[in-house]
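The values are calculated or read from the model by the stated rules, or taken from the named source; none is laboratory data. Because the structure is predicted, anything quoted here is derived from the model rather than measured. Neighbour counts run over all protein chains shown; Cβ positions are idealised from the backbone, glycine included. Ligands, DNA and RNA are stripped out before the accessible areas are found, and what is left, the full protein with its side chains, is counted by its heavy atoms. Shrake-Rupley method; radii C 1.70, N 1.55, O 1.52, S 1.80 Å.
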Amino acid sequence: MDTDTAEWTAGNDGREHRPPGRRFGAWCAGLLFAGVSVVVGFRVADSDGITPVPQLLAFLPWLLVPTAVALLLTLLSRWWPGTVWGVVLLGLLAWFIEPYGKVGDPVGRPVADLRVLTSNVEFGQGTASLVTTVRREKPDVVFVEECDYECDALLKRDLSQDYPHRRAVEGGGSEGSVILSRFPLRPTGGVPGTMGMPGAVADVDGHAVRLQLAHPMPPLPGQVDLWHRELAALREAATADPGTPLVLAGDFNASQDHAAFRRILDTGLRDASRLDGADRTATWPARTAPTLGVQIDHVLVSEDFGASRTRILDLADTDHRAVVTDLTLHEGR
């Protein structure tokens, strides 16, 4: 029996039929491609879709794995249309994995420096580790998410001398949030949300800088619309006072692969991680990051700022990693 006869058999209808093993491989490849195509399709359409698409979009780079496996199956089963399908999907994934958003150096001379740190302490559990990190890193402004009553009390006790200025939304569990500052703060209304998102205007060496903490609801099943609304509220806050430099930092529960987050970047804000070459460095979940995870904790800045020495730090007792970056404010635009 020659090779062609072994690989293919003719049916009663005169058509050639693929051996069962190869048919199974082609079916498996098709199912994998179909699942990936749904997610990539929403990315192409610039939409977050409905559950489970937003959740899967967060891990878009990892869709390379099932796509590569399916592509191998098409080669083994000699399903050539499927091979083309897989190559197209790999190309789209590679395109969308590229960093999103504007970059560039600010215009004008530098007028002030500040170090910013943001950390989600997971219902206050990571507060002690955060205090240690703050004392080591010495940031000028600290954004703290999921700072419950005990967390708030601990920060007042241990850090009030170094950070005499604060804006807080008190709450239990994940609802509390705090901005700590070495600079004097003037309160603003913040952003209304399910979890606290306080805001302030800081006097940074005589220059007004808006500070806004971000902590929208995550895209849980049944709450995707709420997640969209709260991210949209942050976008509105980002555009509210374009004449004042802005630092918008916190746990966004969104990555650059989410359309709602890209809308915030489209206002002209820049991710400090990208400005300093740390884009796509995973911040959550801390247990598997940086090997497996997603970057949902961000420090976004207006184009008045340059960023350097951006680092992603491990903290104990929290499922998020902290982000710390050195910012330089430049004069005028």
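Quick one: would you say ARG262 is open to solvent by 60 Å² or more (accessible area, probe 1.4 Å) and either touching a residue at least 40 places away in the same chain (Cβ under 8 Å) or acidic (Asp, Glu) (or both)?
Criteria not met by ARG262.
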Hey, among THR267, THR325, THR281, which residue is polar (S, T, N, Q), touching a Ser or Thr at 6+ places or on another chain (Cβ under 7 Å) and part of a strand (DSSP E or B)?
THR325
Answer yes if at least one residue in region 86-98 is crowded, with 16+ Cβ neighbours inside 10 Å and assigned to a loop (DSSP other than H, G, I, E, B), and no otherwise.
no
(1) at pLDDT below 95; (2) surrounded by 20 or more Cβ atoms within 10 Å (Cβ to Cβ) all hold for GLY277 apart from (2)
Of everything in region 280-294, what is open to solvent by less than 20 Å² (accessible area, probe 1.4 Å) and of a type outside the set (Gly, Ala, Ser)? Give them in sequence order.
THR283, VAL294
Within region 169-198, restricting attention to residues that are hydroxyl-bearing (Ser, Thr, Tyr) and over 10 Å from ASP148 (Cα atoms), which residue is nearest to the chain's Cα centre (by Cα)?
THR194
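Does VAL65 meet the test of being open to solvent by 60 Å² or more (accessible area, probe 1.4 Å) and at pLDDT 95 or above?
Details: open to solvent by 60 Å² or more (accessible area, probe 1.4 Å): yes; at pLDDT 95 or above: yes.
When the stated conditions are applied, VAL65 passes them.
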